[in-house]
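Engineer: Here's a structure for you.
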Amino acid sequence: MTSWEDPTTRILSVRKAYLDALLAGNRKMALQVVRNAKEEGIPILDLYVDVFQEAMYEVGRLWEANVITVADEHMATAITQYVLSVLYPEMDFQSESKGRAVITGVQGELHQVGANMVADVLESDGWNVRFLGTNVPQDGVLEAIVDHKAGLLGVSVTMFFHLPHVIELIRRLKTEVSDIRPRVILGGAAFRMLSSLPPELDGCAVAKDLREALQTTRSIACAAG
Ligand code: B12
C-alpha cells in the first residue's frame, strides 16, 4: 500500500485540503473536497469528526494564536455550516425509527456546529429529531420536549460558564415536566474537558464526540424498546 492509499494519510490530506479551502474563503472548493472524499468512499462519520470537527478545532487554535482574524474564523464557520446543509439531504436515512429527540444548544451558548452535526447524524440513524439550534431559552426547550414527546434530549455546551444553565434546565425538566421523562445526553467542548459530571447532572449520559453519541443513543434506543 502506498502512503496515499493508507486511510489515515488520506483523511489527513482531506482535512488539510478542507482547512485550506476554509481559510481561503472558498465555499465551492470546500464542498468539492468533501464531494470527492465521499465519492472515494470515505464514510460520512469520518468526514464529520476527522475533517469538519478537527478543521474547526484548528481554526480555533489559529484564531487563539492570532494567526487568523475573527472574520476568518466566522467565515470558516459559515462555510462549514453551508457544507453541512448541503450534505444533510444527501444522507442515508434509516427507515426503522429509534424514537423522538430534541437536540439543542443551551441558553447563552453561541457555538452551534457540534449540535448541528449531532442532530443530522442522529436523524440519519433513525431518530425523529427536532433541532432547535442554539442559545434556546429554557422555557422553549421544555415546551419543545413536551410538544415533540421526546424520549431523548441532547444538550450541547461549549463554554464552561454555561454549565449552570444546563444544570438549571435539567432541574426544571425533572420538576416541571411530569408526563415525559426523556433520557438526557450531554456533549460539547465543556464535557470533553470535564473529568466527572457535577452531581446535579447524575443520570445524564455524556458523549465526547459524534461516534460516542451514536453508540450511546443506540443503546438508549434499545433500552427504550
Ligand atoms: C466557531 C467558534 C465560535 C463562533 C461560533 C459560531 C457558531 N455558529 O457556532 C463564535 C464566534 C460565536 C464563538 C464565540 C466564542 N468563542 Co468560540 N470557537 C469557535 C471554534 C473556532 C469552532 C467551534 C466549532 O464549530 N467546533 C467544531 C465542533 C464540531 O466541535 P464540538 O462543538 O466540540 O462538537 C463535537 C463534540 O463536542 C460533540 N458534541 C457537540 N455538541 C454536542 C451535543 C450532544 C448532545 C452530544 C451528544 C455531543 C455533542 O460532537 C461534536 C462532533 O464530534 C472553537 C474552536 C474549538 N476548539 O472548537 C472556538 C472556541 C470554542 N471558542 C472560544 C471562545 C473563547 C469563544 C468566546 C468566549 C470568544 C469571545 N471572547 O467572545 C465566545 C463565546 C460565545 C458564547 N457565549 O458561547 C474558545 C473556548 C476556550 C474555552 N474552552 O474556554 C475556543 C476553543 C477557541 C480557542 N481556541 O480559544 N466561537
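The values are calculated or read from the model by the stated rules, or taken from the named source; none is laboratory data. Note that the structure is predicted; figures quoted are calculated from it, not measured. As a convention, Cβ positions derive from the backbone with ideal geometry for all residues, glycine included, and neighbour counts pool all protein chains shown.
Engineer: With respect to the numbered conditions (1) more than 7 Å from the ligand (Cβ to nearest atom); (2) over 19 Å from TYR48 (Cα atoms); (3) within 14 Å of the chain's Cα centre (by Cα), which one is the sole condition not fulfilled by ILE167?
Structural biologist: (3)
Engineer: When THR69 is evaluated against the numbered criteria (1) touching a strand residue (DSSP E or B) at 6+ places or on another chain (Cβ under 7 Å); (2) more than 8 Å from the ligand (Cβ to nearest atom); (3) modelled with pLDDT of 95 or more, which criterion, by number, is the only one it fails?
Structural biologist: In the conditions (1) touching a strand residue (DSSP E or B) at 6+ places or on another chain (Cβ under 7 Å); (2) more than 8 Å from the ligand (Cβ to nearest atom); (3) modelled with pLDDT of 95 or more, THR69 misses (1) alone.
Engineer: Additional query: Can you find, within segment 151-164, the residue that is farthest from ASN135 (Cα to Cα) among those that are more than 8 Å from the ligand (Cβ to nearest atom) and not hydrophobic (A, V, I, L, M, F, W, C)?
Structural biologist: GLY151
Engineer: Going through VAL136, VAL146, VAL184 one at a time, which residue ends up being farther than 23 Å from ILE44 by Cβ, outside the structural domain of LEU45 (by TED's automatic domain parsing) and in contact with a Leu (Cβ under 6 Å, 6 or more places away or on another chain)? I'd like the intermediate steps shown before the answer.
Structural biologist: Numbers: VAL136 fails: in contact with a Leu (Cβ under 6 Å, 6 or more places away or on another chain); VAL146 fails: in contact with a Leu (Cβ under 6 Å, 6 or more places away or on another chain).
None of the other options fit; the residue is VAL184.
Engineer: Scan ALA37, ALA55 and give me the residue that is more than 9 Å from the ligand (Cβ to nearest atom), surrounded by 14 or more Cβ atoms within 10 Å (Cβ to Cβ) and not assigned by TED's automatic domain parsing to the domain that holds VAL121.
Structural biologist: Exactly one residue qualifies, and that residue is ALA37.
Engineer: Something else: If ASN116 meets every condition in (1) without any contact (Cβ under 8 Å) to a residue 40 or more places away in the chain; (2) more than 10 Å from the ligand (Cβ to nearest atom); (3) under 24 Å from LEU153 (Cβ atoms) apart from one, which number is that one?
Structural biologist: For ASN116, the failing item is (2).
Engineer: In segment 73-106, how many residues are near the ligand (Cβ under 10 Å from one of its atoms) and not hydrophobic (A, V, I, L, M, F, W, C)?
Structural biologist: Counting residues in segment 73-106 that are near the ligand (Cβ under 10 Å from one of its atoms) and not hydrophobic (A, V, I, L, M, F, W, C) gives 7.
Engineer: Restricting to segment 182-217, and then to whatever is in a helix (DSSP H, G or I) and over 17 Å from GLY126 (Cα atoms), can you tell me which residue is farthest from the ligand (Cβ to nearest atom)?
Structural biologist: Once the filter is applied, the top-ranked residue is PRO199.
Engineer: Given the structure, is ILE11 within 18 Å of the chain's Cα centre (by Cα) and closer than 23 Å to MET91 by Cα?
Structural biologist: Considered against the rule, which asks whether it is within 18 Å of the chain's Cα centre (by Cα) and closer than 23 Å to MET91 by Cα, ILE11 comes out as no.
Engineer: Could you give me the residue pairs with C-beta distances under 8 Å whose first residue belongs to segment 131-145 and is hydrophobic (A, V, I, L, M, F, W, C), whose second residue is modelled with pLDDT under 95 and outside any loop (DSSP other than H, G, I, E, B) wherever it lies, and which are 6+ apart or on separate chains?
Structural biologist: Going by the 8 Å Cβ cut-off, there are no qualifying pairs.
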